[in-house]
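Colleague: My questions will all concern the structure given below.
The values are calculated or read from the model by the stated rules, or taken from the named source; none is laboratory data. The structure presented is a predicted model; accordingly, all values stated were derived computationally and were not measured. Every residue, glycine as well, gets a Cβ built from its backbone with ideal geometry; the counts of neighbours run over all protein chains shown. Each accessible area value is taken on the protein alone, full model and side chains, heavy atoms only, with ligands, DNA and RNA left out. Shrake-Rupley method; radii C 1.70, N 1.55, O 1.52, S 1.80 Å.
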Amino acid sequence: MRPTPVGAPARCGARRTERLGVVAYTNVAPLHWGLAPGPGLRFVRGVPTELNRQLLAGEIDLTLISSVEFVRHRDRLRALPDFSVATLGPVYSVTLFHWRPWEALSGARVALSTDSATSVALLKVLLRAAGLRATFVPMAPDLDVMLGRCDAALLIGDVALREAVARRPLGGKTPLMTDLGAAWYALTKLPFTFAVWASLENRPPSERLVAELRAAREAGLGQLGAVARAEAEKLGLSPSVVQRYLGNFRYYLETPDRDGLLAFAERVAPGIRASELKFWAL
Ligand SMILES: C=C(O[C@@H]1C=C(C(=O)O)C=C[C@H]1O)C(=O)O
């Protein structure tokens, strides 16, 4: 059998089974709205760090990969050209909770959620840019435990959103919050791209799957109220809060999101050229 040339999508025909990594966070719900597993399509759910590993190990075929991993493994990966999970300014779900002011975090012990790769790298970029040095402690994402043991705690995804909305006191005191999307914007005036859909370079996604993902995104964004209501119920938050949250994301990897991705790549891989980040011609 003739191998599928790199750079070209797999042709339609009898459907091979593709394993799609589905990040278990509300912010990606509009990207797979109405898309369901079935013949030729399996869903593998997980947090970003799990799905990143599985993609690189060839255990899944296409996933939203943390942008820092896309940059680190750029020699082996290609991304869909028009999909992102990005924000211009605050993201509301990638948050550093801290006891002392941001400017006073030098020497702090910072608990890092083991779920995220990109946000950890982003936090390090932001601290470095501010001339702050900290010690990092990987931990499960539980704010009480993290802030009980450390001076600051990085959370992402649904748990971060819930905690940011709740702004609850811990031990009688409410922690300060720094939104890393907002901090990135203050530093660069660019969007921050948290994730892109990517596959291994030698395993192009089928045209059919890509078409289904585009249709799912149109459906999800077209019915954002319904997506928000479904997600709000799972999160225990009000639908209007969730709709506002989802409406803030940039899902199309437009030029500013690519510029933001490259600016981040330059900070985690100094000297990188834009052409080293590769995209499927789909
Ligand atoms: C902004 C977020 O986006 C997620 C953050 C990711 C990361 O930090 O590695 C990966 C996928 C995204 O769904 C979030 O979950 O809060």
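Colleague: R0 = 35 Å: FRET efficiency of ALA57 with GLU266, Cβ-based, nearest 0.05?
Modeller: Values: r = 28 Å, r/R0 = 0.79.
After rounding to 0.05, the efficiency reads 0.80.
Colleague: Loop sites only, by DSSP: take the trypsin sites (Lys or Arg not before Pro) in the chain that have at most 13 other C-beta atoms within 10 Å and name the longest stretch containing none of them. Write down the numbers at each step before the final one.
Modeller: On the way: sites that count: ARG11, ARG16, ARG133, ARG167, LYS189, ARG273.
Of all site-free stretches, the longest is 17-132.
Colleague: Also, I was wondering about something else. Compute the distance in nm between two label points, each set 7 Å from the Cα along the Cα-to-Cβ direction, one at TYR252 and one at SER106.
Modeller: 4.4
Colleague: Taking 45 Å as R0, compute the FRET efficiency from the Cβ-Cβ separation of ASN202 and ALA129 and round it to 0.05. Don't jump to the answer; show the numbers that get you there.
Modeller: Values: r = 36 Å, r/R0 = 0.81.
Plugging the Cβ-Cβ distance into 1/(1 + (r/R0)^6) gives 0.80.
Colleague: Here is a follow-up. Taking the solvent-accessible surface of protein heavy atoms with a 1.4 Å probe, what is the per residue accessible area of the stretch 155-282 in Å²? Each step should come with its number before you reach the end.
Modeller: Details: 5710 Å² over 128 residues.
Per residue, the stretch 155-282 has 45 Å² of solvent-accessible surface.
Colleague: Follow-up. Can you tell me the length gained on complete extension of the stretch PHE43 to VAL145, counting 0.36 nm per residue apart and subtracting the Cα distance?
Modeller: Working: separation 102, 0.36 × 102 = 36.72 nm, distance 3.17 nm.
Stretched out fully, the PHE43 to VAL145 stretch lengthens by 33.5 nm.
Colleague: Which FRET efficiency, nearest 0.05, do THR174 and ARG229 yield, Cβ-Cβ r, R0 41 Å? List each step's numbers first, then the result.
Modeller: Details: r = 29 Å, r/R0 = 0.71.
Calculated value: 0.90.
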